[in-house]
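Working notes, beginning with the structure itself.
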Amino acid sequence: MTAAPVTALPADYTRSMLAAEAANRDHVTRCVAETGGSPDLVTHTAALRLYLRVPHFLTEWTTDPDRRAAVSRALALDIVSMKLLDDLMDDDTGLDRVELACVCLRLHLRALHELASLARNPKAVTDILERDAVYLCGGQIGTKRSRATNLQEWRAHASTYGAAFLGRYGALAAACGDDGQPGDAVREFAEAFALTITTADDLTDYDRNGERDGNLAHLMRTGAVAGQDVVAQLEELRGRALAAVRVPPGAPGLVQVVHLYTDDVLTRLVPRHLG
């Protein structure tokens, strides 16, 4: 018997998640405003809900509440800085590009300062950022040069701007969290979860932004990618994420998160693009 899709998180988990998201939003928007960001940019960053929420997931393994909150806020700064860099490259927000560049740099440097102050080994922070920057930047350049034409190519591209992007923050969360963090498991969860989110973004952007070349929904609609292969990939990612969150000491609160996001893509988004 197939389990019913998960449609909501437990109430207590939802409250803690939304509280963390609000704290991260306030921390990020305060820094944006202090850097000279316009009211429009402050509003833009305040609306980046998943970017502000995901640090709560990545810090699930940290049991000390004060440390967890501090790491979550620092991660949110850098995650939003990278989102603003993406906005700058795409030039599709209507926001001033000089402002985006300056605020992006400021958020990144502030994040680096906060993460280094929290890490057990501050050098680990710069090591993670520098190592992953090579992969992320090379992947972004390659993605723009050559659009995906099948599922294998799509996943290879998504592994750079999706999995490696969030994976670096999983690694940083482990480096800055409590002692005994299972760093490999945190990163594995982050990478698998990121590919699920990236799938959702592509399927949504087909209609929202009119994306076509290299877009997963377009590949499905044109027959280049079979819908059943996308379903199989999502189930594989679900399994990887669940295995990661069960690595001791474990992060049981993320089990329902994994199911909720995966089930949403499978039941709400994938069917729209099936032939």
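The residues on offer are Gly214, Gly239, Gly275, Gly223, and the sole one that is farther than 22 Å from Asp90 by Cα, out of contact with any Pro (no Cβ under 7 Å at 6 or more places or on another chain) and modelled with pLDDT under 95 is Gly275. Listed by first and then second residue, the pairs with beta-carbon distance under 7 Å, at least 6 apart or on different chains, first residue in segment 152-172 and more than 14 Å from Gly138 (Cα to Cα), second among the charged types (D, E, K, R) and modelled with pLDDT under 95, are Arg168/Asp132.
Residues are listed down the side, and each one gets a yes or a no for (1) more than 20 Å from the chain's Cα centre (by Cα); (2) modelled with pLDDT of 95 or more; (3) part of a helix (DSSP H, G or I):
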| site | (1), (2), (3) |
| --- | --- |
| Thr63 | yes, no, no |
| Ala69 | no, yes, yes |
| Ala74 | no, yes, yes |
| His113 | yes, yes, yes |
| Arg120 | yes, no, no |
| Lys123 | yes, yes, yes |
| Tyr135 | no, no, yes |
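Taken together, Gly210, Gly180 contain a single residue that is out of contact with any helix residue (DSSP H, G or I) (no Cβ under 6 Å at 6 or more places or on another chain) and in contact (Cβ under 8 Å) with a residue 12 or more places away in the chain, which is Gly180. Contact map, segment 133-151: residues that are touching a residue at least 24 places away in the same chain (Cβ under 8 Å) and open to solvent by less than 40 Å² (accessible area, probe 1.4 Å) paired with residues that are charged (D, E, K, R) and outside any helix (DSSP H, G or I), Cβ distance under 9 Å, separation 6+ or inter-chain. Pairs shown: Ala148/Asp213. Candidates in segment 169-182 are the residues that are open to solvent by 10 Å² or more (accessible area, probe 1.4 Å) and assigned to a helix (DSSP H, G or I); of these, the one that is nearest to Ala119 (Cα to Cα) is Ala175.
Taking segment 183-199 as the range and being of a type outside the set (D, E, K, R) and open to solvent by 20 Å² or more (accessible area, probe 1.4 Å) as the test, the residues that pass are Gly183, Ile197. One residue alone among Val245, Val270 is more than 26 Å from Asp178 (Cβ to Cβ) and surrounded by 15 or more Cβ atoms within 10 Å (Cβ to Cβ), and that residue is Val270. In the set (1) farther than 20 Å from Gly183 by Cβ; (2) open to solvent by 20 Å² or more (accessible area, probe 1.4 Å), Thr262 fails one condition alone, (2).
Of everything in segment 116-132, what is out of contact with any Pro (no Cβ under 8 Å at 6 or more places or on another chain) and either buried (at least 18 other Cβ atoms within 10 Å of the Cβ) or more than 17 Å from Phe165 (Cα to Cα) (or both)? Give them in sequence order.
Selection gives Ser117, Leu118, Ala119, Arg120, Asn121, Pro122, Lys123, Ala124, Val125, Ile128, Leu129, Asp132.
Could you give every pair whose Cβ atoms fall below 6 Å, whose first residue belongs to segment 222-243 and is more than 15 Å from Ala163 (Cβ to Cβ), and whose second residue is open to solvent by 60 Å² or more (accessible area, probe 1.4 Å) and not in a helix (DSSP H, G or I), counting only separations of at least 6 or pairs across chains? What qualifies is Gly227/Leu274.
Yes or no, residue by residue, for (1) touching a Gly at 6+ places or on another chain (Cβ under 9 Å); (2) of a type in the set (A, V, I, L, M); (3) over 27 Å from His259 (Cβ atoms); (4) surrounded by 14 or more Cβ atoms within 10 Å (Cβ to Cβ):
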| residue | (1), (2), (3), (4) |
| --- | --- |
| Pro5 | no, no, no, no |
| Asp12 | no, no, no, no |
| Glu34 | no, no, yes, no |
| Ala46 | no, yes, yes, yes |
| Arg49 | no, no, no, no |
| Leu58 | yes, yes, no, yes |
| Ala69 | no, yes, no, yes |
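The values are calculated or read from the model by the stated rules, or taken from the named source; none is laboratory data. This one's a predicted model, so the numbers in the text were calculated from it and none came from an experiment. Positions of Cβ are backbone-derived with ideal geometry, glycine not excepted, and every protein chain shown enters the neighbour counts. When the accessible area is computed, the model is the full protein with side chains, heavy atoms only, and any ligands, DNA or RNA have been set aside. Shrake-Rupley method; radii C 1.70, N 1.55, O 1.52, S 1.80 Å.
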